[in-house]
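**Student:** Before I ask anything, here is the structure I am working with.
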Amino acid sequence: MHVHTIMWKKKPLYANGRLRRYGNRRLLTTVPNTQPQETPALPKIQQEEVPVYKGKSYEDISALRKQYLTPNVTSYYKKPLLIHKGSMQWLYDHEGKRYLDMFGGIVTVSVGHCHPKVNAALKEQVDTLWHTTNIYMHPKVHEYAEKLVAKMPGDLKNVYFVNSGSEANDLAMMMARLYTGHNDIISFRNAYHGASPYTMGLTAHSTWRYSLPGVANGIHHVMNPDPYTGLWGGKNCRDSPVQTTRHCDCSAKSGQDCCASTMYYEQLEQTFKYSLPRGKVAAMFAESIQGVGGTVQYPKGYLKRAADLVRANGGLFVSDEVQSGFGRTGDHYWGFEGHGVMPDIVTMAKGIGNGFPIGAVITSRKVSEVLSQALHFNTFGGNPLASAVGMAVLDVIDEEELQKNSLEVGTYMLQGLERLRDKHDVIGDVRGKGLMIGVELVADKDTRQHLSAPHFVDIWEMCKDMGVLFGRGGLNANVLRIKPPMCINRTDADYALAVIDYCCDQHLKKRKRGSTWRRHTTLPL
């Protein structure tokens, strides 16, 4: 049994809050009402046996990366982690240090790193058949298609398999234009739908766009209906356990009209009135909750009205479920169900394969028939390996009730983060549903001015040093993206909350004294 010790130099002295064990770690079961005075203690952790890393040294890997990978391939953290093993919600680096993965490989590891059932399905298929492509039939793709579309409502019963979210949205764009005979497509500012030359036009982040001809051909970015940083929105506007602290004239009662939703919708109508050919729209693309954009949610009722407007002008509504699908939002299996919307096309990837490269486009028979107008082919889409993995993932989500777990643990964590928001000036907003959570860090709560990169990075790096990995998102890269494997439990959530609490406290102390806080850059063994 491999045992290592993670020990910080000082012991915890909380004035409030009950401590309990996390493995052999002690941590808070409730967020303390007073600021922690010392570093949360991480005593001995007895853990599963971790194979000793036998690959090239960290220095050699770093040199190879610089020499052979294109320079745009970047990593998180000032000193990037060299990860060599994963197990459910845990990742291990080359030194045997263990990290709680609260980002799931960019919202991709849905049921857990190296989940035994998914691994077993892949291993069995590896020994049976790797690849034939669609020129022949093989059983797995047909069995998987049946299993996957059974999760879809209405007449969304035809699926085309691809290899990634960008490919899925590429295909959905083409299908919408072919089906409607129209060219113009709408997406939101702050949206992310891929980085291929085709989907780059849908993506409305300047940081993801290259200066290339034709990228924005026929694509219109409309005002993002963001209740926190947008023009309108407040404390009754989001479908979330946690609301913004902004004033709101809307009723808190469910089913009541949202004033912000109406005002954003009127702005959308202006785009139709002035910028689009009347009655000749191809599609509108929308994430159910914006992922890369920083877990942004829309005002209640907005998306359904927007979809109705698009259809009234001849277009299709495309729901991008690449990050919000497969039970992650908790209340529903698909994010669009939380908006009361029935899409014409649904795109998916990431969590569909738990890390295996697979994506899909699901639509009706009527829409899918447009692909018969000419030959369309995807060499690896729906290959036997991906299909076997995809079926196992669906089984695990159901058998282990991971949608229910996302709802329960996610809501628990959101409520804990809400208490931290009320405690720390640096936390401006907490939002999300289930295990799709965003924490926006700010320099000023009143103006909602984003926290500058150096300050954000300092908090983010501290969290990593203490063994918790968060993502980073938003146009200003000031949002902690919390989208872990859906197998995490309340104990994991407690520890992540305690780490955020401590790091925000240290950030405040550093700013007060106006000097660099010297932290441990490693977890001493």
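**Student:** Could you please let me know if R209 is in contact with a Pro (Cβ under 8 Å, 6 or more places away or on another chain) and not aromatic (F, W, Y)? Walk me through it before giving the result.
**Tutor:** Working: in contact with a Pro (Cβ under 8 Å, 6 or more places away or on another chain): no; not aromatic (F, W, Y): yes.
Answer is no for this residue.
**Student:** Can you name every residue in the range 409-433 that is within 16 Å of T491 (Cα to Cα) and touching a helix residue (DSSP H, G or I) at 6+ places or on another chain (Cβ under 8 Å)? Before you say what the answer is, go through the steps one by one.
**Tutor:** From the range 409-433, those within 16 Å of T491 (Cα to Cα) are 409-417; that's our starting set.
The answer is V409, Y412, M413, G416, L417.
**Student:** Also, I was wondering about something else. Are any residues in the range 400-417 open to solvent by 10 Å² or more (accessible area, probe 1.4 Å) and touching a residue at least 60 places away in the same chain (Cβ under 8 Å), and if so, which ones? So that I can check it myself, show each step before the final result.
**Tutor:** First pass over the range 400-417, keeping only residues open to solvent by 10 Å² or more (accessible area, probe 1.4 Å): 400-401, 403-405, 407-408, 411-412, 415.
Answer for the range 400-417, where residues must be open to solvent by 10 Å² or more (accessible area, probe 1.4 Å) and touching a residue at least 60 places away in the same chain (Cβ under 8 Å): E400, Q403, K404, N405, L407, E408, T411, Y412, Q415.
**Student:** Next up: Which one is most open to solvent (accessible area, probe 1.4 Å), of the residues in the range 329-363 that are in contact with a Lys or Arg (Cβ under 7 Å, 6 or more places away or on another chain) and part of a loop (DSSP other than H, G, I, E, B)?
**Tutor:** D331
**Student:** Looking at the range 307-353, which of its residues are of a type in the set (K, R) and over 14 Å from the mean Cα position of the chain (by Cα)?
**Tutor:** Of the range 307-353, the ones of a type in the set (K, R) are 311, 328, 350.
Scanning the range 307-353 gives a single hit, R311.
**Student:** For I185, which of the numbered conditions (1) open to solvent by 40 Å² or more (accessible area, probe 1.4 Å); (2) more than 15 Å from A386 (Cα to Cα); (3) in contact with a strand residue (DSSP E or B) (Cβ under 9 Å, 6 or more places away or on another chain); (4) in contact (Cβ under 8 Å) with a residue 40 or more places away in the chain fails to hold?
**Tutor:** (1)
**Student:** Right, here's the next one. Among (1) over 14 Å from L417 (Cβ atoms); (2) crowded, with 21+ Cβ neighbours inside 10 Å, which single condition is A477 missing?
**Tutor:** Single failed check for A477: (2).
**Student:** Residues that are touching a Cys at 6+ places or on another chain (Cβ under 6 Å), assigned to a loop (DSSP other than H, G, I, E, B) and either at pLDDT 95 or above or crowded, with 19+ Cβ neighbours inside 10 Å (or both): does the range 255-272 have at least one?
**Tutor:** Restricting attention to the range 255-272, the residues satisfying the condition of being touching a Cys at 6+ places or on another chain (Cβ under 6 Å) are 258-260.
Adding the requirement that they be assigned to a loop (DSSP other than H, G, I, E, B) leaves 258.
Now narrow it down to the ones that are either at pLDDT 95 or above or crowded, with 19+ Cβ neighbours inside 10 Å (or both): 258.
Looking through the range 255-272, at least one residue is touching a Cys at 6+ places or on another chain (Cβ under 6 Å), assigned to a loop (DSSP other than H, G, I, E, B) and either at pLDDT 95 or above or crowded, with 19+ Cβ neighbours inside 10 Å (or both).
**Student:** Quick one: which strands (runs of 3 or more DSSP E) lie wholly within the range 1-102 and hold at least 2 residues that are at pLDDT below 95, among the hydrophobic types (A, V, I, L, M, F, W, C) and touching a strand residue (DSSP E or B) at 6+ places or on another chain (Cβ under 7 Å)? Lay out the reasoning, then the answer.
**Tutor:** Values: elements: 3-5, 19-22, 25-28, 44-46, 83-87, 90-93, 98-101.
Where strands (runs of 3 or more DSSP E) fall fully within the range 1-102 and carry at least 2 residues being at pLDDT below 95, among the hydrophobic types (A, V, I, L, M, F, W, C) and touching a strand residue (DSSP E or B) at 6+ places or on another chain (Cβ under 7 Å), they are 25-28.
**Student:** When the range 125-159 is examined, which residues are found to be open to solvent by less than 50 Å² (accessible area, probe 1.4 Å) and either in a strand (DSSP E or B) or of a type in the set (V, I, T) (or both)?
**Tutor:** T132, T133, V141, V149, N158, V159
**Student:** Select from the range 103-124 the residues that are of a type in the set (G, A, S) and not in a loop (DSSP other than H, G, I, E, B) and write down the one among them that is surrounded by the most Cβ atoms within 10 Å (Cβ to Cβ).
**Tutor:** Keep residues of the range 103-124 that are of a type in the set (G, A, S), which gives 104-105, 110, 112, 120-121.
When the remaining residues are screened for being not in a loop (DSSP other than H, G, I, E, B), the result is 104-105, 120-121.
Numbers: G104: 30, G105: 20, A120: 12, A121: 22.
Applying the filter and picking the extreme gives G104.
**Student:** Please give the number of the condition L420 fails out of (1) farther than 29 Å from W334 by Cβ; (2) out of contact with any Ser or Thr (no Cβ under 9 Å at 6 or more places or on another chain); (3) at pLDDT 95 or above; (4) open to solvent by 10 Å² or more (accessible area, probe 1.4 Å).
**Tutor:** Only one criterion in (1) farther than 29 Å from W334 by Cβ; (2) out of contact with any Ser or Thr (no Cβ under 9 Å at 6 or more places or on another chain); (3) at pLDDT 95 or above; (4) open to solvent by 10 Å² or more (accessible area, probe 1.4 Å) is unmet by L420, namely (4).
**Student:** Answer yes or no: is there a residue in the range 457-471 that is on the phi < 0 side of the Ramachandran plot and open to solvent by 30 Å² or more (accessible area, probe 1.4 Å). Steps first, answer last, please.
**Tutor:** Of the range 457-471, the ones on the phi < 0 side of the Ramachandran plot are 457-466, 468-471.
Checking the rest, the ones that are also open to solvent by 30 Å² or more (accessible area, probe 1.4 Å) come to none.
No, every residue in the range 457-471 fails to be on the phi < 0 side of the Ramachandran plot and open to solvent by 30 Å² or more (accessible area, probe 1.4 Å).
**Student:** On to the next question. Would you tally the residues in the range 191-218 being touching a His at 6+ places or on another chain (Cβ under 7 Å) and open to solvent by 10 Å² or more (accessible area, probe 1.4 Å)?
**Tutor:** Residues of the range 191-218 touching a His at 6+ places or on another chain (Cβ under 7 Å): 192, 199, 202-204.
Restricting the remaining residues to those that are open to solvent by 10 Å² or more (accessible area, probe 1.4 Å) gives 192, 204.
Qualifying residue count for the region: 2.
**Student:** Which residues, taken from the range 157-174, are under 14 Å from D320 (Cβ atoms), of a type in the set (A, V, I, L, M) and out of contact with any Phe, Trp or Tyr (no Cβ under 7 Å at 6 or more places or on another chain)? Talk me through it step by step, then tell me what you get.
**Tutor:** Our first condition is that a residue be under 14 Å from D320 (Cβ atoms); within the range 157-174, this holds for 162, 164-173.
Okay, now just the ones that are also of a type in the set (A, V, I, L, M), so 162, 168, 171-173.
Within the range 157-174, V162, A168, A172 qualify.
**Student:** I would also like to ask the following. Only one of these is under 27 Å from N236 (Cβ atoms) and not aliphatic (A, V, I, L, M): R328, R278, R311. Name it. Outline the logic, then answer.
**Tutor:** Values: R278 fails: under 27 Å from N236 (Cβ atoms); R311 fails: under 27 Å from N236 (Cβ atoms).
Being under 27 Å from N236 (Cβ atoms) and not aliphatic (A, V, I, L, M) holds for just one of R328, R278, R311, which is R328.
**Student:** Can you tell me which residue within the range 423-451, out of those that are farther than 20 Å from V292 by Cβ and assigned to a loop (DSSP other than H, G, I, E, B), is most open to solvent (accessible area, probe 1.4 Å)? Talk me through it step by step, then tell me what you get.
**Tutor:** Pass one, the range 423-451, residues farther than 20 Å from V292 by Cβ: 423-427, 443-447, 449.
Then keep just the ones that are assigned to a loop (DSSP other than H, G, I, E, B); that gives 424-426, 445-447.
Details: H424: 10, D425: 114, V426: 12, K445: 74, D446: 135, T447: 92 Å².
Here the residue is D446.
The values are calculated or read from the model by the stated rules, or taken from the named source; none is laboratory data. Here the structure is a predicted model, which is why all the values come from computation and not from measurement. Glycine gets a Cβ as well: all are built from the backbone with ideal geometry, and neighbour counts include every protein chain shown. Each accessible area value is taken on the protein alone, full model and side chains, heavy atoms only, with ligands, DNA and RNA left out. Shrake-Rupley method; radii C 1.70, N 1.55, O 1.52, S 1.80 Å.
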